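The structure appears below as structure tokens.
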């Protein structure tokens, strides 16, 4: 008598690969809630890790302290970075990311409520890949989430180190 494989259960030798996470460095709980909702509506399946201040973002990226277990806290596929955060600002985090020799060149999208030209110029000078003013409406947040999904998660090639860390 042969064993039958039930179509809804994965084969025993199947290796499930989870989507690499997105790190969202943001101190405003409302912004986190609204972006998380937009990601769900857009069908983004990547786990969203939240760093509530700049130091926590650096700790996550460097694998320090609570974030030492890379199986639980793998390098992100993408970083979303608020500028005005407690302890260490988004600009300081961005400078640290670009100077950290042990990190692959991770894509960073700065999300800011400010459209000040000096903030935009400085963010790009420090190595931001994009600068986005935080959308105010549900429709615009959903549009942003869909854009992130299509370009940054679908078409943009990830660093191999980020993909392998999630598998």
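Nothing in this text is a laboratory measurement; each read-out follows from the coordinates by a stated rule. Given the structure is predicted, the values throughout are model-derived calculations rather than measurements. Note: ideal-geometry Cβ built from the backbone for every residue, glycine included; neighbour counts use all protein chains shown.
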Legend entry - Label-point separation, residue 18 to residue 125 (7 Å along Cα→Cβ), nm: 4.0
Inset, instruction - State, to one decimal in nm, how far the label point of residue 32 lies from the label point of residue 156, with both points 7 Å from Cα in the Cβ direction. - result: 2.2
Legend entry - Span from the the stretch 90-113 Cα centroid across to the the stretch 44-71 one, whole angstrom: 13
Inset, instruction - Just order 91-99, 18-26 by mean Cβ neighbour count inside 10 Å, highest at the front, would you? - result: 18-26, 91-99
Legend entry - Paired Rg and Dmax values of the stretch 22-166, which use every Cα atom, in angstrom: 14.2, 39
